[in-house]
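Written out below as C-alpha cells is the structure these notes cover.
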Amino acid sequence: AIPRTMPRTQPNVVIITCHDLGQHLHCYGVEGVRSPRIDALAAEGVRFANSFCTAPQCSPSRASLFTGRYPHSNGVMGLTHADFAWDLHDQERHLATLLRDAGYQTTAIGVTHETRHADRHGFDQRLGGRGDREMAQAAAKVIHDAAKTDKPFYLQVGFFQPHRARPGFGTAPDTANGISVPPYLVDDLGAREEFAYFQGCVNSLDANVGVILDALTESGQADDTLFIFTTDHGIPFPRAKCSVYDPGLEVALIVRHPRGGVTGGRVYEPMISNVDYVPTLLDWLGVARPGDAPPLQGRSFAALLRGEAYVDREEIFGEMTFHDYCDPRRCVRTTTHKLIVNFSTAPFFMNPSQSWRPKTVTVDPPEPAYAYHQPVELYDLRRDPLETCNLAEDPDHAQVCADLLGRVHGWMTDTADPLLEGIPNSPMHTAAVRSLREGRSSAP
C-alpha cells in the first residue's frame with residue numbers, strides 16, 4: 001500500500017479484544033509475562049490501571065463493550081454459542097452499526113462472541129482464519145488495503161488467545177522471566193505448570209498484536225488511528241474468570257491515538273467500566289446516537305483522554321447470571337469497598353479452568369468444594385485486597401453495607417434488571433418447555 005500522509009476527516013478505529021487476559025501483562029506489573037509489543041503500546045499511548053468489565057465471562061462482557069449497555073439490559077445474560085444461545089435483543093445497536101451508519105467501512109475478524117448473528121450488526125465484511133496468526137495477517141491486509149481509500153475504517157479483531165486450548169493453552173511454556181502466580185492461588189507445582197503455559201500463550205498473543213501495529217505503521221495510518229487494546233474479563237483460573245471478585249472483573253485497557261493527543265505513556269487511575277467504551281468512542285468521534293436506540297448506560301471518559309475536567313466514577317457495577325450454570329450475582333465496587341449480592345447457594349466460585357482435573361487451586365477457600373455463597377459479601381479493599389474477610393454481618397460496617405446495598409438496588413431498578421423479579425428463563429429452558437409442549441426435541 002502507498003503510505004498515507006494526509007489525515008482523513010475522521011480517524012480510523014481499531015479495537016483488539018482477546019480472551020481471558022485480565023491484566024496479566026508485564027506493563028500491569030506481572031513480572032513473569034513477556035509482552036513487549038503491548039508494553040510498547042502502553043508506553044506510546046495511555047494505560048488504565050483500574051479498568052473493569054461488567055461481567056466476568058466472555059459473551060456478556062463483550063455485549064456491554066460493544067453496546068454500552070449492561071448484559072441484563074442488552075439480552076446477553078449468558079454465552080451466545082451452542083445451546084447456551086443467548087443473544088442481543090433485536091433493538092440493540094452494536095458499535096459497528098453506529099460507525100457504519102456514520103460512514104465507516106466496518107470489518108470483523110475472528111471472535112465476535114457478543115452475538116450469535118454478527119452479520120446483523122453492522123459489519124460490511126467478516127473474515128475468519130484458522131488461528132490467531134492468520135487473523136492477524138488478515139487484519140494487516142485490511143489495514144493496507146484501507147490506505148488506498150479515503151473512507152475511514154472500523155476494524156474489530158477478536159483473538160482467541162490466551163483462552164485455554166486442549167491440551168493446555170496451545171503454546172510452549174514461557175519461563176524466561178520466571179513464573180508469576182497471583183497471590184490468591186496456591187503457588188505449587190501444578191499452578192506453576194499452568195502459568196508457564198499461560199505466559200507462553202500471552203507472549204504469542206503479544207506477537208500477533210504486533211503484526212497489526214506494524215501494518216498501521218507501514219501503511220502510514222498509525223497517527224490517525226484510534227487504537228484500543230482490551231480483553232473480555234479476568235484470567236481463566238479459580239476465583240478470577242466467572243467470579244465477580246476483582247481478578248474476574250479486572251481487564252487491560254490501553255488506548256493510543258497520536259493525532260488526537262492520546263500519547264505519552266500516561267497511566268490513568270480512575271475506575272473505568274467497559275460499558276463506558278461506546279459512549280466514549282461516540283463522543284471522541286463526534287458520532288450521534290440514533291434517537292430510537294436503547295439508552296446508553298455507560299458514561300464517556302473522552303474528557304479524561306482530552307485532558308479536560310472529568311468527574312471520576314464513584315462506583316462500577318458487575319454481574320453474572322448464567323455461564324456453565326445459573327449463578328446469579330450482582331456487585332458494586334468503589335475505590336474502597338466491594339459488595340456482592342448472591343441470589344443462589346451456588347458454589348463459592350464457578351471453576352473456569354475448563355480442565356477436568358484443575359491443577360490450580362485457591363488459597364481461600366481452601367476447600368472450595370464445600371464452600372457456598374453467602375447472601376451478601378462485603379470487603380474492605382484497602383485492608384483486604386484479596387477479598388477474603390466478609391464484613392457483611394459486622395456491626396461496625398453496617399452503614400457501609402446499607403449504602404452499597406442501596407446502590408446495587410438502585411442500579412438494578414434503574415436498568416430494569418429482570419433478576420429483581422426472579423431468575424430469568426434461559427434459552428435452554430424455553431427450548432425444553434417447547435419440546436414438552438410439541439412432543440419433539442427442540443433446540444434453543
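GNM remark for the chain: springs join alpha carbons under 10 Å apart, and the peak mean-square fluctuation among Asp324, Asp283, Asp232 falls on Asp324. In this structure, the amide hydrogen of His233, modeled 1.01 Å from its nitrogen in the peptide plane, lies closer than 5 angstrom to those of Asp20, Leu21, Gly22, counting only residues at least 5 positions away or on a different chain. Across the accessible surface of the range 43-166, with the other protein chains kept in place and a 1.4 Å probe, carbon and sulfur atoms take up 45 percent.
Report the paramagnetic label zone for Trp356: residues of the range 153-185 whose backbone N is under 15 Å from a point 7 Å from Cα along the Cα-to-Cβ axis. Within reach of a label on Trp356: 166-168. For Ser273, the residues whose modelled amide H falls within less than 5 Å of its own, excluding neighbours fewer than 5 places apart on the same chain, are Phe52. Each Cα pair under 8 Å and six or more residues apart adds its sequence gap; the mean of these over the residue count of the chain is a relative contact order of 23 percent.
Evaluate the range 106-193: find the radius of gyration of its Cα atoms, find its Kirkwood radius, and give the ratio Rg to Rh. Write down the numbers at each step before the final one.
Details: Rg = 18.0 Å, Rh = 15.9 Å.
Rg/Rh: 1.13.
Under a 1.4 Å probe, what is the accessible area of the range 103-170 per residue, stated in Å²?
Numbers: 3070 Å² over 68 residues.
On a per-residue basis, 45 Å².
Adding -39500 (n - 2.57) for every DSSP H run of four residues or longer, then dividing by how many residues the chain holds, sets the calculated 222 nm ellipticity at -8500 deg cm²/dmol. In this entry, the chain is assigned a mean projected area of 21.9 nm², taken as a quarter of its C-alpha convex hull surface. Summary value for the range 38-147: 19 percent relative contact order, contacts being C-alpha pairs under 8 angstrom separated by 6+ residues.
GNM, the chain, Cα, under 10 Å: largest mean-square fluctuation among Gly291, Gly78, Gly45? Judging by the Gaussian network model, the answer is Gly291. Taking every full run of DSSP H in the chain, the ones that stretch at least 20 Å from end to end by Cα along their long axis and average 0.0 or higher on the Kyte-Doolittle scale are 189-218, 398-414. Rolling a 1.4 Å probe across the protein heavy atoms gives the range 295-444 an accessible surface of 55 Å² per residue.
Which percent of the accessible area of the range 330-444 is formed by carbon and sulfur heavy atoms (probe 1.4 angstrom)? Write down the numbers at each step before the final one.
On the way: 3740 of 6700 Å².
Of the solvent-accessible surface of the range 330-444, carbon and sulfur hold 56 percent.
Using a 10 angstrom cutoff on alpha carbons, build the Gaussian network for the chain and name the most mobile of His26, His429, His94. Of His26, His429, His94, the most mobile in the Gaussian network model is His429.
Among 219-229, 430-440, 198-208, 308-318, the peptide with the highest mean count of other Cβ atoms within 10 Å heads the list, and the full ranking is 198-208, 219-229, 308-318, 430-440. Translational diffusion coefficient of the range 249-295 at 10 °C, 1.306 mPa s, Stokes-Einstein with Kirkwood Rh over Cα pairs, in µm²/s as a whole number. Approximately 123 µm²/s, per Stokes-Einstein.
The values are calculated or read from the model by the stated rules, or taken from the named source; none is laboratory data. Worth saying up front: this structure is predicted, and the values here are computed from it rather than measured. For neighbour counting, all protein chains shown are included, and Cβ atoms are generated from backbone atoms with ideal geometry for every residue, glycine included. To get the accessible areas, we keep the full protein, side chains included, count just its heavy atoms, and leave off ligands, DNA and RNA. Shrake-Rupley method; radii C 1.70, N 1.55, O 1.52, S 1.80 Å.
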